[in-house]
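Comments concern the structure below.
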Amino acid sequence: MATVEVASPEAMSEAIAPYRDTLEFKLVPIVEVSVAVPTIQTAQVRADSID
C-alpha cells in the first residue's frame, strides 16, 4: 500500500490509465471531469494500440 501526493493529479491519472485493466491497484485521483475524460480517452487509445 502506498499513499502518494503529486502536484498534478491529471498527470498521475494519465500515467496509470493504460494499466488500469492489467494491474490490481486502487487509485483515487481528484481530477475535474472536464480534464479526466479526455485524458482517459487518450490513454485508452494508447492501450488499445498495444493489444
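Just a few scattered comments:
- The residues of the stretch 11-28 that are under 15 Å from Val45 (Cβ atoms) and either assigned to a loop (DSSP other than H, G, I, E, B) or out of contact with any helix residue (DSSP H, G or I) (no Cβ under 7 Å at 6 or more places or on another chain) (or both), listed by number, are Tyr19, Arg20, Asp21.
- Verdict on Val31 being in contact (Cβ under 8 Å) with a residue 12 or more places away in the chain and assigned to a loop (DSSP other than H, G, I, E, B): yes
Every read-out reported here was derived from the displayed coordinates using simple, explicitly stated rules and does not represent laboratory data. Predicted, not measured: the structure shown is a model, and the values here were computed from it. Positions of Cβ are generated from backbone atoms using ideal geometry, with glycine treated the same way; all protein chains shown enter the neighbour counts.
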